[in-house]
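The values are calculated or read from the model by the stated rules, or taken from the named source; none is laboratory data. Since the model is a prediction, treat every value here as computed from it, not as a measurement. Positions of Cβ are backbone-derived with ideal geometry, glycine not excepted, and every protein chain shown enters the neighbour counts. Surface areas here come from the heavy atoms of the whole protein model, side chains and all, with no ligands, DNA or RNA. Shrake-Rupley method; radii C 1.70, N 1.55, O 1.52, S 1.80 Å.
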Amino acid sequence: MLLPFQKIVGSEEETTEVAAEFSQQLKTGDVVCLNGNLGSGKTFFVKSVCKEFLIDTTSSPSFAIVNEYNGRQKITHFDFYRLKRVGELHDIGFDEYLSEMDSIVFIEWANMFEEVLPKKYYTVEISQIDETTRQININKHE
Ligand SMILES: Nc1ncnc2c1ncn2[C@@H]1O[C@H](COP(=O)(O)OP(=O)(O)OP(=O)(O)O)[C@@H](O)[C@H]1O
Ligand SMILES: [Mg+2]
């Protein structure tokens, strides 16, 4: 996938195709930040990438803040939405997750606590256009 990538997709299937193509360049240690309004499709996108790694247990980590999955690849899935202060992240071992570099890390609502993000990460921005249409922008931040 050539970055920056931008596409308007008209269905869940098309979002899945974009996620599958993006997943091909992901390696252990990569961090992917997902931003976009409630219900735009951040969790759906992570779920689609996870399927490529033969993981079918993906769920929204909003209450737990972090979920871990093991398939063909270890995946760590954060959701910052319910975080009240950055200290909670340290309590659940956020720094260790990042420094261990043994998984691909996804972070929904990453823009709420940008100060904890590493130097390099991918950004996936999803905007809802109508019920099934989304604009997806993928880029690299470094
Ligand atoms: N083209 C599409 N791409 C992605 N999701 C779509 C699309 N069309 C419809 N949907 C639906 O939109 C919803 C997206 O919900 P999802 O939980 O992924 O959003 P979210 O961005 O993670 O929200 P939150 O901020 O609450 O975590 C799902 O119900 C999904 O089926
Ligand atoms: Mg979500």
**Study point:** Selection from region 21-39 of residues that are part of a loop (DSSP other than H, G, I, E, B) and under 28 Å from Asp95 (Cβ atoms)
**Key:** Gln25, Leu26, Lys27, Thr28, Gly29, Asp30, Gly36, Leu38
Review point. Residues in region 19-75 that are touching a residue at least 60 places away in the same chain (Cβ under 8 Å), within 13 Å of ligand 2 (Cβ to nearest atom) and on the phi > 0 side of the Ramachandran plot: how many?
Key: 3
Exercise for review: Return the total of residues in region 114-142 being free of Cβ contacts under 8 Å to residues at least 40 places away in the same chain and either of a type in the set (Lys, Arg) or within 16 Å of ligand 2 (Cβ to nearest atom) (or both).
Suggested key: 1
Point to revise | Filtered residues of region 129-142 (kept if open to solvent by less than 90 Å² (accessible area, probe 1.4 Å) and assigned to a loop (DSSP other than H, G, I, E, B)) | key: Asp130, Thr132, Thr133
Study note, to complete from the structure: Ile126: passes all of (1) part of a strand (DSSP E or B); (2) surrounded by fewer than 21 Cβ atoms within 10 Å (Cβ to Cβ); (3) within 11 Å of ligand 1 (Cβ to nearest atom) but (2)
Check your understanding: Does Val86 qualify as being more than 16 Å from ligand 2 (Cβ to nearest atom), in contact with a helix residue (DSSP H, G or I) (Cβ under 7 Å, 6 or more places away or on another chain), under 22 Å from Val116 (Cα atoms) and among the hydrophobic types (A, V, I, L, M, F, W, C)?
Key -> yes
Review point. Inside region 100-123, can you point out the residues that are within 17 Å of Lys42 (Cα to Cα), of a type in the set (Val, Ile, Thr) and open to solvent by 20 Å² or more (accessible area, probe 1.4 Å)?
Key: Thr123
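Per-residue answers, yes or no, for (1) open to solvent by 20 Å² or more (accessible area, probe 1.4 Å); (2) in a loop (DSSP other than H, G, I, E, B); (3) modelled with pLDDT under 95; (4) more than 10 Å from ligand 1 (Cβ to nearest atom):
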position: Gln6; (1), (2), (3), (4): yes, no, no, yes
position: Thr15; (1), (2), (3), (4): no, no, no, no
position: Ala19; (1), (2), (3), (4): no, no, no, no
position: Leu54; (1), (2), (3), (4): yes, yes, no, yes
position: Phe63; (1), (2), (3), (4): yes, yes, yes, yes
position: Thr76; (1), (2), (3), (4): no, no, no, yes
position: Leu98; (1), (2), (3), (4): yes, no, no, yes
Exercise for review: Scan region 78-91 residue by residue and report those that are more than 17 Å from Asn35 (Cα to Cα), part of a loop (DSSP other than H, G, I, E, B) and hydrophobic (A, V, I, L, M, F, W, C).
Suggested key: Val86
Practice item. Consider Gly93 carefully, then state whether it is more than 16 Å from ligand 2 (Cβ to nearest atom) and either open to solvent by less than 20 Å² (accessible area, probe 1.4 Å) or in contact with a Gly (Cβ under 8 Å, 6 or more places away or on another chain) (or both). Key: yes
